[in-house]
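Here is the structure we will look at, set down as structure tokens.
Only the coordinates and a few stated rules stand behind these numbers; no lab work does. Remember, predicted model here, so these are calculated numbers, not experimental data. As a convention, Cβ positions derive from the backbone with ideal geometry for all residues, glycine included, and neighbour counts pool all protein chains shown.
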Amino acid sequence: MKERIKKPYYAFDPNEAHFLFERTIILDSQPELFAKIPRIIHRLYFPKYAFMVLAGSIIAFILVCFLFSTFFTLTKALTQVFALIPLVGIVAIIYLIRHYVQIYLEIRSIKKLYKKATWPIECYCAFFEEGICIKSIDMEGVFYWDDFMALGCCNEALVFHFCPAGTESGKFFKQYYPYLDNVYIFINGDEKILELIKLVDEQVGDLVAFT
């Protein structure tokens, strides 16, 4: 899908950078990848600990209200606080629905991209101390690690997030990549890549969200 690339972006010359290692990832089964995509996306965008924090916050709020109503005189102020409980529940439900709609659209977008591709699919990555070189069906370029707004990481995939199109960084990259979509690399549990991403997070500072 090279039409998604107006022109490749090169943040630095790979020949003058500190090379670490390279990988050529070959995807040869569309059904196998499509079966994994929903699980990977759910893990990257809605990890279990996030759900636990949300559920725990709601339960803690309800518990505090219950304790106050049991051991303290029910005042007008407390009554108003209790009235917020249904609102908190409604907001939480709306958040979950919105989030799952976004996940559904993301899964649909990725499958559409890979469905149009010619199989088998090859993705080449070269890793440097300074950044990464990517050559895949929807991306080609050389980036510093902090060129990205964030990076999601699980055992099976990396996702590189560009800044939104309305930001200064997003406007800059839009001249290279008209579609500022997320870029996925399916790493299939490559321990060397995972160890490197951990080091990158330590050096760049809170760039990576591990799930």
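General remarks:
- Taking 30 Å as the limit for the C-alpha separation, the pairs 6/115; 135/192; 6/192 exceed it in the case of 6/192.
- Distance (nanometres) between label positions extended 7 Å along Cα→Cβ at residue 129 and residue 203: 0.7
- A dipole drawn for the range 157-209 from +1 and -1 charges on Cβ atoms has a positive end, and of 176, 161, 186 the residue lying farthest that way is 176.
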